[in-house]
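Report on the following structure.
Quick note: the coordinates plus some simple rules give every number you see, no bench work behind them. In this text the structure is predicted, and so the values were computed from the model without any measurement. Don't worry about glycine lacking a Cβ; one is built from the backbone with ideal geometry, like all the others, and counts go over all protein chains shown.
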Amino acid sequence: MLKGKDRTGIIAPTLLGLMGVEHRDIINDYQQSYINIKDRFQTMDPELNHRYMNLMKSEPEAIEQFPHAIHDRYGSFVSYLSTVGVDVTVQDQIVKKFTSK
């Protein structure tokens, strides 16, 4: 069963990739997010900190592999989304909704 962070870990980089964000920037963003969460949880009770950090932690290797796996298998996020049934017209609408393109 996928946890919420797992689904987010797939959807967010897919949307970022669709909008043309470079793989390295996607990976760096996820790593920075973890650092920010870690810093915030440091102020908590040590026992709660340990429990929550185990739930929130994302392995850098996992996020590093995802954009590369999509590119290696499908060539691009556009091709991946087309393969799983997201029409190019819908993809264009998504990009327009989140960007000024």
Cβ-based exposure ranking for His50, His71, in which fewest neighbours within 10 Å come first: His50, His71
Virtual spin-label span in nm between Val88 and Ile11, 7 Å along Cα→Cβ: 2.6 nm
Estimated inter-spin distance, Glu22 and Arg40, nm [label 7 Å along Cα→Cβ]: 2.8 nm
Positive-end residue of Gln93, Gln32, Ala69, charge dipole of the stretch 4-98 with Cβ unit charges: Gln93
Computed magnitude of the charge dipole of the stretch 4-98 (debye, nearest 20; Cβ of K, R +1, Cβ of D, E -1): 220 debye
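Full-extension gain between Gln65 and Ser79, please, as 0.36 nm times their residue separation minus the C-alpha to C-alpha distance.
Between Gln65 and Ser79, full extension yields 3.3 nm more.
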